[in-house]
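Notes to accompany the following structure.
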Amino acid sequence: MREQVEHLAAPPSDGAAAVLALIERVALDPGADAAKLERIVAMYERVKAKDAELAFNAAKGRILKKLAGIKLVKNRPAFYEIDKGKPQKGTYEAFKYAPLEEIDKHLRPLLLEEEMDLSYSDEPREHGWILIRGRLKHLPGGHFEDSFMPAPMDTSGGKSNVQGVGSTNSYLRRYIACNIFNIVVIADDDDGNGGTIDEAQTNTLLDLIKRAKVGPKFLKYMRAQSIEEAGSLEAAVATIASRDYGKAITTLAEQIAKAEAGHANVS
């Protein structure tokens, strides 16, 4: 996560107001030192930035407290699509997920109440991957935090490129929102611990593991069962907690990038 700061018009705090008053006095002084004025202005910007950060953290903290009492359940089935991306009768259920609109239904009113905004932008990456940036911004002070998550384009079920981009975009937005606000989405039959990843997520990680050329150390890092304990790599990967899926994707993406960078340097 990368943190940045931007300033909009906002009421200054007592500290910022005091520095602003000092700037006005120095600016009106005919004999004022320009260098001294620059230092005071820089001080004012630092005070404003700190005030904005504190206001951001307070607003986010209030949202987190309210979200802690909300239970989100994976209740929408996803189906393998076999005819130009259209679900057909007789297809089987692959997994369940909490749709973005379900998460947004609970989150959006809290964001409005705290004058915060969560926006998204995307950009294509190499090998068909997509990177989504989620930006949580406190509008009064302008302070914001960025959260990034990459993933390969969803090509399951015979999706077209447009459908694959849309599916991946929606998928990454769900995970970014959940990561920013520590939202745990549980299965409708588990005990609230979040359960383990589903079949589709397991297959995605298996593909990335092959490309990243990682093995036992990755499983240990993800606190999953070893290959020996589970009986196979696929079974071991399937024991990764669903709450850690985003972490697994990011970790593997970083390993793939390092491997490709090393290969480029050698060649």
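The values are calculated or read from the model by the stated rules, or taken from the named source; none is laboratory data. As the structure is a prediction and not an experimental result, all values here were calculated from the model. Neighbour counts run over all protein chains shown; Cβ positions are idealised from the backbone, glycine included. Accessible surface areas use protein heavy atoms only, side chains included; no ligands, DNA or RNA. Shrake-Rupley method; radii C 1.70, N 1.55, O 1.52, S 1.80 Å.
Would you calculate the convex hull of the Cα atoms in region 120-183 and tell me its volume per residue in Å³?
Cα convex hull per residue, to the nearest whole number: 84 Å³.
With the simple model of a label 7 Å out from the Cα in the direction of the Cβ, Ala58 to Arg133 spans 2.8 nm.
Can you give the Rg to Rh ratio for region 197-267, taking only C-alpha atoms and Rh from Kirkwood?
1.01
In region 140-176, whose amide N lies under 16 Å from the spot 7 Å out along Cα-to-Cβ of His106? List them in ranges. Of the residues in region 140-176, 174-176 have backbone N under 16 Å from the label point off His106. Structure note, pairs Lys50/Lys105; Lys48/Lys105; Lys66/Lys247; Lys105/Lys247; Lys105/Lys137; Lys60/Lys220: Cα-Cα distances above 21 angstrom occur for Lys50/Lys105; Lys48/Lys105; Lys66/Lys247; Lys105/Lys247; Lys60/Lys220.
Accessible area of Leu100 (1.4 Å probe, protein heavy atoms only, ligands and nucleic acids ignored): about 40 Å². The fraction of accessible area contributed by carbon and sulfur in region 99-250 is 50 percent, rounded to a whole number (1.4 Å probe; ligands and nucleic acids excluded).
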